[in-house]
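Q: Dropping the structure in here first, questions after.
The values are calculated or read from the model by the stated rules, or taken from the named source; none is laboratory data. Fair warning: this is a prediction, and the values are worked out from it, not measured in the lab. Note that each Cβ is placed from the backbone with ideal geometry, even for glycine, and that neighbours are counted across all protein chains shown.
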Ligand SMILES: Nc1ncnc2c1ncn2[C@@H]1O[C@H](COP(=O)(O)OP(=O)(O)O)[C@@H](O)[C@H]1O
Ligand SMILES: [Mg+2]
């Protein structure tokens, strides 16, 4: 049986006269990152709070691992779901280690297990425990504080983690680094993530699936590629903004568009490089050695490498062997916008 | 009450005595009364300690409870404010029919006077805790009691300590007047000094009273700083704070 991690079925939520959610329905698959994106005040935070019952729906059903959350004890539910907010809300009177240990303590883990878990998470977050365990949050930088916030949310190894604009208060460079790091961490932890942002670029970068919100409604729920390819409404197209082609390059992986025939395909990359049998059209980097990309790198990276070299074809390498090549033309084809968009 | 009136009237004649008094008088006073003075200091501290032991749990509980209801908060803080404006002599008088004379009415009064700083600072301290922090606590699955105990009260402790400090400073002074209704303490010598026109007795006792207040004030200031340090705050530390913090950590 394939079970959804989280399901929203016709969920409505009003606060007095304000209708925050006007019937939303979608489900989140286990192990994926689903991003809720939309302008401020459109109901993203509310959606998230319905999952761990910081709010209850006015109408409709929210299910967590197949069960209606209304049937689960609030406190138990919250302890089994990670939660990170933009303001982080670190406990300033507790050390980094005590902060991270919050939920395990609430769950009555024994001290030894808690200590091990704290060290493991600080390690994962690139905050060496020997150095940071006993620090107070005030002594940390914004980026480090947010890492502690994420570690605290992950402490009891939740199946699902809710992240409400977690990187929103950081400067662009820190934010970018943290996004990259988080993508790596995510591969190691296999947690289902529901991620809120108002920044479409962050959504495209982080999401396996993206739910685009207009006031109180989900107007499109799809993969980043499909959303860029076929924006469902004019609102979505406006929200994506300029440079849709370039954005597509950022989300599109080289493996999806490469051509798999050619003289060097199938050969070992080390051989191709060392024998000097590199065909003239293969791209080289600044020092003149042949360049390459990995199949899961973005077409943007590939394009950048092609533009910087004389060659017209860039080898795609996976597990040490050449699995295909990409050219500027192929990337161009993949990124060009459809000539005409017809809205229903 | 008529005694008090005579005392005040008599005190107008103190001026000549004051001029006549020399260093010698102070030496005589100290050699004769030093032991008794120490006993009175102990009595005074005892009254303060008992009052604070009663006042702290009441004040903090009230301060915590009124965070749940804004109307209750307004009413309780207003009442505590009004109670402070009642002159201590009047309050003793009102309480004597119920508690008799001696320590009990004075201790009850001191508990009443310490409520405003205690309740107010507990309330303000708890409300001053950053909303994001309590929200995070909720989201992580802390119950309301767990949030109070693990987050709000610890974070508010420095502010609560300030309230305690204010309360102690206020009631050390009020307790001196308690001698008038037989509670003992340093007030005994002040009243005796006025009655017997013994200026050295009044002056020395007053100085001791002021020093006692300053000592308590300082002690609480240091402990407040220790709590702030414990909470990870960065502050200008007094020298004793620095020393104690080193020993403690
Ligand atoms: N506790 C609340 N009380 C009243 N209105 C609220 C509350 N929380 C949110 N709202 C309203 O609900 C709408 C959606 O808010 P929210 O989910 O926070 O939006 P977003 O996170 O997308 O910015 C907004 O109009 C907001 O003003
Ligand atoms: Mg929000």
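Q: Provide a single number: the residues in the stretch A:305-326 that are in contact with a helix residue (DSSP H, G or I) (Cβ under 9 Å, 6 or more places away or on another chain) and over 14 Å from residue A:268 (Cα atoms). Even if it seems obvious, please write down each step before you answer.
A: First, the residues of the stretch A:305-326 that are in contact with a helix residue (DSSP H, G or I) (Cβ under 9 Å, 6 or more places away or on another chain): A:306-307, A:312-318, A:320-324, A:326.
Those still in the list that are over 14 Å from residue A:268 (Cα atoms) too: A:306-307, A:312-314, A:326.
Here the count works out to 6.
Q: Across the stretch B:231-249, what is the number of residues that are touching a residue at least 12 places away in the same chain (Cβ under 8 Å) and either more than 18 Å from residue B:168 (Cβ to Cβ) or part of a helix (DSSP H, G or I) (or both)?
A: Quick first cut of the stretch B:231-249, residues touching a residue at least 12 places away in the same chain (Cβ under 8 Å) only: B:231, B:233, B:237-238, B:240-241, B:244-245, B:248.
Adding the requirement that they be either more than 18 Å from residue B:168 (Cβ to Cβ) or part of a helix (DSSP H, G or I) (or both) leaves B:231, B:233, B:237, B:240-241, B:244-245, B:248.
Residues in the stretch B:231-249 being touching a residue at least 12 places away in the same chain (Cβ under 8 Å) and either more than 18 Å from residue B:168 (Cβ to Cβ) or part of a helix (DSSP H, G or I) (or both): 8 in total.
Q: Which condition from (1) out of contact with any helix residue (DSSP H, G or I) (no Cβ under 6 Å at 6 or more places or on another chain); (2) away from chain B (no Cβ under 12 Å); (3) within 20 Å of residue A:85 (Cβ to Cβ) is the one that residue A:188 breaks?
A: Failing condition for residue A:188: (3).
Q: Going through the stretch A:1-53 one residue at a time, which ones are within 12 Å of ligand 2 (Cβ to nearest atom) and free of Cβ contacts under 8 Å to residues at least 24 places away in the same chain? Spell out the reasoning first.
A: Applying the first criterion (within 12 Å of ligand 2 (Cβ to nearest atom)) to the stretch A:1-53 yields A:20, A:36-49.
Correct list: A:49 only.
Q: On to the next question. Could you list, in sequence order, the residues of the stretch A:295-320 that are outside any helix (DSSP H, G or I) and either within 18 Å of residue A:253 (Cβ to Cβ) or within 25 Å of the chain's Cα centre (by Cα) (or both)?
A: So the first thing to find is which residues in the stretch A:295-320 are outside any helix (DSSP H, G or I), and the list is A:295-298, A:308-320.
A:295, A:296, A:297, A:298, A:313, A:314, A:315, A:316, A:317, A:318, A:319, listed by residue number.
Q: Can you go through A:143, A:216 and tell me which one is more than 16 Å from residue A:35 (Cβ to Cβ) and within 16 Å of ligand 2 (Cβ to nearest atom)? Show your work before the answer.
A: Working: A:143 fails: within 16 Å of ligand 2 (Cβ to nearest atom).
That would be A:216, the only listed residue that is more than 16 Å from residue A:35 (Cβ to Cβ) and within 16 Å of ligand 2 (Cβ to nearest atom).
Q: If you go through the stretch A:153-163, how many residues are surrounded by fewer than 24 Cβ atoms within 10 Å (Cβ to Cβ) and either touching a residue at least 60 places away in the same chain (Cβ under 8 Å) or in a strand (DSSP E or B) (or both)? Steps first, please.
A: Step one: list which residues in the stretch A:153-163 are surrounded by fewer than 24 Cβ atoms within 10 Å (Cβ to Cβ), which gives A:154, A:156-161.
Imposing the further condition that a residue be either touching a residue at least 60 places away in the same chain (Cβ under 8 Å) or in a strand (DSSP E or B) (or both) reduces the set to A:154, A:156, A:158-161.
Number satisfying all stated conditions: 6.
Q: I've got another one for you. Name every residue in the stretch B:135-148 that is closer than 29 Å to residue B:52 by Cβ and either within 8 Å of chain A (Cβ to nearest Cβ) or buried (at least 17 other Cβ atoms within 10 Å of the Cβ) (or both), in order of residue number. Walk me through how you get there before you give the answer.
A: Narrowing the stretch B:135-148 to residues closer than 29 Å to residue B:52 by Cβ: B:144-148.
Within the stretch B:135-148, B:146, B:147, B:148 meet the criteria.
Q: Then there is this: Restricting to the stretch A:23-36, name every residue that is surrounded by fewer than 17 Cβ atoms within 10 Å (Cβ to Cβ) and within 20 Å of residue A:60 (Cα to Cα).
A: Scanning the stretch A:23-36 gives A:23, A:25, A:27, A:29.
Q: Can you tell me how many residues within the stretch A:82-97 are assigned to a strand (DSSP E or B) and more than 8 Å from every other protein chain (Cβ to nearest Cβ)? Spell out how you get there, then give the answer.
A: Start the filter on the stretch A:82-97 by keeping residues that are assigned to a strand (DSSP E or B), which leaves A:82-85.
Filter once more, keeping what is more than 8 Å from every other protein chain (Cβ to nearest Cβ): A:82, A:84.
Matching residues across the stretch A:82-97 total 2.
Q: Can I ask one more? Please determine whether any residue of the stretch A:117-128 is more than 17 Å from residue A:150 (Cβ to Cβ) and either in the same structural domain as residue A:160 (by TED's automatic domain parsing) or crowded, with 17+ Cβ neighbours inside 10 Å (or both). Spell out the reasoning first.
A: Residues of the stretch A:117-128 that are more than 17 Å from residue A:150 (Cβ to Cβ), as a first pass: none.
Taking every residue of the stretch A:117-128 in turn, none turns out to be more than 17 Å from residue A:150 (Cβ to Cβ) and either in the same structural domain as residue A:160 (by TED's automatic domain parsing) or crowded, with 17+ Cβ neighbours inside 10 Å (or both).
Q: Would you mind listing the helices (runs of 4 or more DSSP H) fully within the stretch A:177-294 where at least 3 residues are under 30 Å from residue A:23 (Cβ atoms) and away from ligand 1 (no atom under 16 Å from the Cβ)? Steps first, please.
A: On the way: elements: A:200-206, A:224-229, A:234-240, A:244-251, A:254-257, A:269-274.
The qualifying helices (runs of 4 or more DSSP H) are A:200-206, A:224-229, A:234-240, A:244-251.
Q: Residue check: is residue A:116 touching a strand residue (DSSP E or B) at 6+ places or on another chain (Cβ under 8 Å) and either within 14 Å of another protein chain (Cβ to nearest Cβ) or free of Cβ contacts under 8 Å to residues at least 12 places away in the same chain (or both)? Walk me through how you get there before you give the answer.
A: On the way: touching a strand residue (DSSP E or B) at 6+ places or on another chain (Cβ under 8 Å): no; either within 14 Å of another protein chain (Cβ to nearest Cβ) or free of Cβ contacts under 8 Å to residues at least 12 places away in the same chain (or both): yes.
Judged against the criteria, residue A:116 is not a match.
Q: Right, next: Does residue A:173 meet the test of being out of contact with any strand residue (DSSP E or B) (no Cβ under 7 Å at 6 or more places or on another chain) and free of Cβ contacts under 8 Å to residues at least 24 places away in the same chain?
A: yes
Q: Go through the stretch A:164-176 and give me each residue that's within 16 Å of ligand 1 (Cβ to nearest atom) and part of a loop (DSSP other than H, G, I, E, B).
A: Residues of the stretch A:164-176 that are within 16 Å of ligand 1 (Cβ to nearest atom), as a first pass: A:164-169.
Answer for the stretch A:164-176, where residues must be within 16 Å of ligand 1 (Cβ to nearest atom) and part of a loop (DSSP other than H, G, I, E, B): A:165, A:166, A:167, A:168, A:169.
Q: How many of the residues in the stretch A:119-135 are touching a residue at least 60 places away in the same chain (Cβ under 8 Å) and within 14 Å of chain B (Cβ to nearest Cβ)? Lay out the reasoning, then the answer.
A: Step one: filter the stretch A:119-135 for residues touching a residue at least 60 places away in the same chain (Cβ under 8 Å), giving A:124-125.
After this cut, where a residue has to be within 14 Å of chain B (Cβ to nearest Cβ) as well, the list is none.
Qualifying residue count for the region: 0.
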